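Derivation of every value follows stated rules applied to the coordinates shown; laboratory data play no part. As the structure is a computational prediction, the values presented were derived from the model and not from experiment. No Cβ is skipped: glycine too gets one built from the backbone with ideal geometry, and neighbour counts run over all protein chains shown.
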Amino acid sequence: MAAEVLRSATSVARAGILRRFRRAVLADPLALTGVTIITLLVLLAVFGPWIAPYPAQGQGESNVAARMLPPSATHLFGTDGLGRDMLSRVMVGARPALAVSVLVVLLAMLIGVPLGALAGYRRGRLDALIMRVTDLFLAFPPLLLAMAIVAALGPGLDHAALALAISWWPWYARLARGTATSLRERSFVEAARSMGVSEVQILRRHIIPNSITPILVQATIDIGTVILAAGSLAFLGLGAAPPTPDWGLMVADGRTYILDQWWLSAFPGLAIFVAVLAFNLVGDLLVDLLDPRSTR
Amino acid sequence: MSAPMLSVRDLAVSFVTPDGTTTGLDGVSLDVGEGEIVGLVGETGCGKTITGLSVLGLLPRTARITRGSIDLDGRNLVGLSESDLRRVRGGDIGMVFQNPASAFNPVFSIGAQMRMALGAHERLPHAEGSARIRDMLAEVGLPEPDRVLRSYPHQLSGGMLQRAMIASALLCRPRLLIADEPTTALDVTIEAQILRLIRGLQESRGFSVLFITHDLGVVRSVSDRVVVLYAGRVAEAAATAALFAQPSHPYTRGLIAAAPHPAARRLALASIPGHVPADVGIVAGCAFTDRCAMAIDRCATERPALRDLGAGHLAACHLAPTAGVGA
C-alpha cells in the first residue's frame, strides 16, 4: 500500500515539471510571447518555403519589373533590388537562421561539455590546461575570433558556423566544469567508482547528465545570440552568400538604401531582433523555473 | 582463525594541503579473515573511513599513502595501477556507503545503475545480466525486484535503497564487503533489518566484511572481531566478546562507558574529557595521553606498541595487563 502511495506521488512529481512550465508560461506574458514567437519561428523554419506568398522569390528568383516596391497589400514587406518579395525572403530565411544557430550551439556543446566535465572531474593539471585554453579563447571578443577564423577558412555559411562554434565552446566548457567539480564530490560518483565503473562511464552517465540543466538554459539563450552573431558575420560578408535568404545578408544588402528604401533592411533586422528577444525571454523563464535559488 | 584475506600492515596516510601536511592514519594494522566480520570503531575523524577508502584506492586527491601495505590474498594493493584497482573495486571488494539516498544517481533507474556496475566487470548478454540483477535484488529481500529495477532513487525508501546498494556491491560476487556506516542514516528499526541482512548474506555467500561504524551497539551485534581506532592508530583489537568483557585500552573503556545503556537509566552519560589531537603525526607518545585518567610519564614520551595480551587480544597501552586477558 505504501508503495502505491509512493508511485502516485512520484508520477505527480514527474508530471510536475511540464505542468510547472505550462503554468509559468501562462502566468508570465513575456515568457508567453517568447514561447509563441519561437513556435512560429520553428513552424516557419519547417514550412516557410511552402507557406511564403512567393516561395520561388524567397529562394532567390528575381522579378526585376517589381523592384524596390514599398510595403503594400501585395508585398507586405515591400520588394528588394531584384524585385523579390521581402516577406517571402524573411519567412524563408527563418530556416537557415535557426539551422545555423542550433548547429553552432550543438557543436559548441559537443566540444565544450565533455572537455569541461573532464576538467572538473579530474582537476589538477589537466583541469588547469583545459581552463587556460578556454581563457585563451575567451580573451578574444567572440565575433572577432569568429571573423578571424572565417577569414582564414574563406567565407561561407558552413565556415561561419564552424567559426562560431569554435569561439563559443569555451562557455560550455566553463559551465560544465563548474557543475562537474561539485558533482565529483557527490556520493553516487564515489559509489560508482567503488564499483569499478570507468572514468568515461562516470563522465558519460553521472557527471554530464546531472550538469545538463544549466547547460540547456545557456543553450536556449545562446541560440538567440548566435542568430545575431551569424547575422553579423553575414552582414560583414563573412557568412552566407547570395542568393541564400539570410537575414544578416539582407540587412547588409539594404544598407545603401536605408534612407529611401528602409524596408530592405528594416524587416530582416526586425526578424533578427524578434528571434533573439524570444530566445532570451524563454531562457529567462527557464532560469527561473529550473534554478531553485532564484525567486521571482 | 584462517590466514587473513585482507591484511593491512602499518598503513600511514597523510593529507597534503597548502597549509601543510596532516597525518590521517599513523601505522594502522588490521586483519580480516576469510568469512569474518570485523568491526572498525572509533569517533569521527579517527580514520575509519580513510582506512576503508585506502583499501579501494579511493583516497581523495590530497591524501597520500606514505607507508605500509594492504594485502588482499597476498597481493599488495598499494601502488597498483588505476586499471588494476578498477578490477578490484566492485570485483574483489564491494563497498556500501553511509547515505543510500545520495549513493544513487538521481537521473537513472536503479536497474540502469546496477547494469553499469555489472558492466564494469563482466560482459554478459543483456537478458542474463538482468536476471542476475533481479536475483540479487530478491536476495537482499526486496519484494517485486522488477519494480525496483525500473524505479528511480527518489521513488524508494532509505531502507530499500540501502538494500539495493548492498545488491549492487555484491553483484560481482566480491570476497570482501566494506560497509562504511551503512545504517547511520537509517531508522533504528530499518537498521536492525539491514544488519540482519548483512549478517545473513555473509553466512550464505561466505564473503568477509569490514564494518565501519561509530556505534558500539551495532558492532557488538554484527561483528566477530572489533578493531578500535583512535586518532589514526589502532588502540585495541580483539574478538567482540573479549573486547566488551575486558576492554584493555582506556579509550575503549571510555567508549563503552559513554554508550547509552537501557538498563542503567542515568541522566548524565559518561564522556571522555578533552579532544582528539589535531595531528597525530607530531605526537611522540600515546595519542590518548591527554585524555587518559591513568596516564603515566612514559605515556607522553613513548608510543605504546600494539601488544598481544594473549588469545589474539591486542592493545596499544603501556598499562594493559598481559595476564588478565587470557584468563
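Relative contact order for chain B: 20 percent, from Cα pairs under 8 Å spaced at least 6 residues apart, divided by residue count.
Other residues with beta-carbon under 13 Å from the beta-carbon of B:PRO273 carry, at +1 per Lys or Arg and -1 per Asp or Glu, a net charge of 0. If you line up the long axis of helix B:126-139 against the longest principal axis of chain B, both from Cα atoms, how many degrees apart are they, to the nearest 10? The helix B:126-139 is inclined about 50 degrees to chain B. For B:GLU128 and B:PHE244, the FRET efficiency from 1/(1 + (r/R0)^6), where r spans their Cβ atoms and R0 equals 35 Å, is about 0.15.
Each Lys and Arg adds +1 at its Cβ and each Asp and Glu adds -1 at its Cβ; summed about the Cα centre, segment B:3-51 shows a dipole of about 80 debye. As a length-normalised measure over Cα pairs under 8 Å and 6 or more apart, the relative contact order of chain A settles at 22 percent. For segment B:78-85, putting each phi into the Karplus relation 6.51 cos²θ - 1.76 cosθ + 1.60 with θ = phi - 60° gives couplings of 6, x, 5, 5, 4, 6, 5, 5 Hz, in residue order, rounded to whole numbers and with x for Gly and Pro. Going from the fewest other Cβ atoms within 10 Å to the most, the residues A:SER194, B:SER83, B:SER109 appear in the order B:SER83, B:SER109, A:SER194.
Based on alpha carbons, the Rg and Dmax found for chain A are 22.8, 78 Å.
Going from the residue with the fewest nearby Cβ atoms within 10 Å to the one with the most, B:ASP308, B:ASP297 rank B:ASP297, B:ASP308.
Close amide-amide hydrogen proximity is noted between B:LEU306 and no other residue 5 or more places distant or on a separate chain, at a cut-off under 5 Å (H modeled in the peptide plane; Pro and chain starts excluded).
Per-residue mean of foreign Cβ neighbours for B:116-124 is 4 (Cβ atoms of other chains, 10 Å radius). Cα axis of helix A:2-27 to longest principal axis of chain A: angle in degrees, 0 to 90, nearest 10? Once rounded, the angle reads 30 degrees. Relative to the longest principal axis of the Cα atoms of chain B, the long axis of helix B:158-170 makes an angle of roughly 90 degrees. Database remark: amide H of B:ARG67 closer than 5 angstrom to the amide H of B:ALA12 (H placed geometrically; neighbours at sequence offset of 5 or more, or on other chains; Pro and chain starts carry no H). Highest-first packing order for the peptide set B:145-151, A:124-130 is B:145-151, A:124-130, based on the mean count of other beta carbon atoms within 10 Å. Averaged over peptide B:83-94, the number of partner chain Cβ atoms lying within 10 Å of each residue's Cβ comes to 3.
Remark: segment A:227-235, residue by residue, has Karplus-estimated 3J(HN,Hα) of 4, 5, 5, 5, x, 5, 4, 5, 4 Hz, where x stands for each Gly or Pro and the curve is 6.51 cos²θ - 1.76 cosθ + 1.60 at θ = phi - 60°.
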